[in-house]
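This report refers to the structure that appears directly beneath it.
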Amino acid sequence: MAAAVQGQQADLKKLVGVFIGAGFPQHRSTTPRLAAFRDLTTGESFSYGGVLGAGKRRAHLVLLIGIVCLESSAFCEGRDTFIRAMYNDCQFLSQLREIVPGTQDWHDFKPNRSKQFEARVSMVEVGDNEITRSSVFLRHMAGFKLPIAVAHGEGRAPFASEDLRRSVELRGLMTVYPLNPNGSPKGTTGVQTPDGRALALMPHPEKVTTLRSNDWYLESMREGWGGSGPWFKLLQSAREWIS
């Protein structure tokens, strides 16, 4: 089963709808125990989780409340579990580096260089490398260049040093988009762990999971894709991995 952690109610409904479409069993609970799940997806916490900076309040609650920290740590260390943090919860997951294996080289997401909220459609390139091809989410999307909705105020991904950025890039642990709305070095828009089980993605794939939600597509895709957009592959790949 998959656990979708709420940010704003409208976004939770959207996430649940996408999960059901991908074939995940539905389970509704206000206080889910992570031990019962294999997938943790978090999204859009800025409505009440962005005090002190995007995602920080929620991350501090996880780290400082003993039982929550222990349960979250046990979930993250499981070999048959995976985590996907989208848009504002990229910041949330990046603050949990001490309990999420493989994230020690991740960075904090900072305010956009423009110092304003940026909302647009950008092109994303998914790196084609060994790690991506073994990723729970991206293994069927290696090398794809796709449009995706972008809407954030703190999406810039500066690394502590150029050596660290180069290390992450050379190991194929980040995806980039050429049109850079937030000023991230090399257009970094997301990072994943070396084992491919944790993905933090700043844009909004859930907004373009249907074919008709894309501004343009080849007519030949209308029948071949069955109404689904390319970004729906994220969830389909995860569902296949569980099976």
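Every number here is computed from the coordinates shown, using simple stated rules; none is lab data. Bear in mind that the values here come from a model prediction, so they are computed numbers and not experimental data. Every residue, glycine as well, gets a Cβ built from its backbone with ideal geometry; the counts of neighbours run over all protein chains shown.
Where does each of F144, F75, F82 land when they are ranked from fewest to most other beta-carbon atoms within 10 angstrom? Walk me through the intermediate numbers first.
Working: F144 17, F75 21, F82 24.
Ascending number of Cβ neighbours within 10 Å: F144, F75, F82.
Among S94, S134, which comes first, then next, by fewest other beta-carbon atoms within 10 Å?
On the way: S94 22, S134 15.
Going from least to most buried by this count: S134, S94.
Post the alpha-carbon centroid distance, region 186-201 to region 91-125, in whole angstrom.
Spelled out, the Cα-based centre of one part sits 9 Å from the other.
Just subtract the alpha-carbon distance of K186 and H140 from 0.36 nm times their residue separation and send over the number in nm, one decimal. Display every interim value, and only then the final one.
Numbers: separation 46, 0.36 × 46 = 16.56 nm, distance 2.33 nm.
Result for the pair: 14.2 nm of gain on full extension.
Once you put a point 7 Å from the Cα of L61 and another 7 Å from the Cα of T210, both along the Cβ direction, what distance in nm separates them?
3.1 nm
Give me the tail of P(r) for region 134-243 as a percent: Cα-Cα pairs with distance above 25 Å.
Values: 1569 of 5995 pairs.
The calculated P(r) of region 134-243 puts 26 percent of pairs beyond 25 Å.
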